[in-house]
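Everything below concerns the one structure shown next.
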Amino acid sequence: MNDPRRVSSRANPSFKALRTVIDDPRRQGRALVDGIHLVATCIDRGITVAQLLVSESGQQNMEIAALLQRAAGVDCMLLRDSLFREIAGVGTPTGIAAVIQIPPVPAGEISGDAVLLDAVQDAGNVGAILRTAAAAGVRDVLLGPGCAGAWTPRVLRAGQGAHFSLAIREQVDLAAALASCAGTSIATVARGGESLYALNLSGPMAWLVGNEGAGLSAKLVAAATVRATIPLAGCSESLNVAAATAVCLFEASRQRGAR
């Protein structure tokens, strides 16, 4: 690792450049990942690390020291603790972060299962859905307009490395994208659909998942082949969108494992 450059002022041009990455990662082509686990995941997966960021107190952490040794030749910035907290966006950061190159948008048609998100606004929900998709073996995730940015720090933190197992497309016309998705398109709706557990989920599925409050747009519900509802106890109205997506994807996984 090169000797770190010390930064102790918000007026420093390098610090200002970090803010632009955080505020608009897709436009910059770079994203900020925070924490020992995510930085290690990037190094392990061969993701291009453009810059490492370390807090003054983080230098004392043995795991961080080991990561810095593994990243020989990567530009490193040493930040005052208060500046690092501002960049990390959490009250008690571990002390290391990385600026990475966002992987290119995948080309070609979608094969196999896919998850399509319609205006899912909460960063924690988007990150949790990405993490669930990766765990369920789904490769393609498409985010329509109105979704939280996939490469923003909060979504990356919630995804816990799932991004690097997925083909992620953002700002997608979801109705048009359905034409290139193989198999059955399923609109997940809170009520009025077929029971999820009565459906045959053995083939490729394109799962349409809607906004936290409004659900799926009427246009996407109409475009889907099937409407699916998760049966709930009588006292419950609905599930959190990330929880509902997990139920759907792992019900499909269960059915396939049983065949």
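Computed quantities for the displayed model
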| item | result |
| --- | --- |
| Between region 60-135 and region 199-229, the Cα center-to-center distance that results, in Å | 29 |
| Spacing of the two label points (7 Å from each Cα toward its C-beta) at Asp44 and Gln69, in nm | 1.8 |
| Full-stretch length increase - Ser111, Arg191 - with 0.36 nm per residue and alpha-carbon distance subtracted | 25.9 nm |
| For the chain, with +1 on Lys and Arg beta carbons and -1 on Asp and Glu, the positive-most of Thr225, Leu249, Gly137 along the dipole | Gly137 |
| Taking Thr92, Thr229 and counting other C-beta atoms within 10 Å, the order from fewest to most | Thr92, Thr229 |
| Relative exposure of Met62, Met77, Met205, judged by other C-beta atoms within 10 Å (fewest first) | Met62, Met77, Met205 |
| Label point distance in nm, Val247-Gln121, each placed 7 Å from Cα along Cα→Cβ | 2.3 |
| Extended-chain gain in nm, criterion 0.36 nm per residue less alpha-carbon gap, Ser202 and Asp173 | 7.8 nm |
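Values in this text are rule-based calculations from the coordinates and carry no lab data. All values derive from a computational prediction rather than experimental measurement. Please note: Cβ atoms are built from the backbone with ideal geometry, for glycine as well, and neighbour counts cover all protein chains shown.
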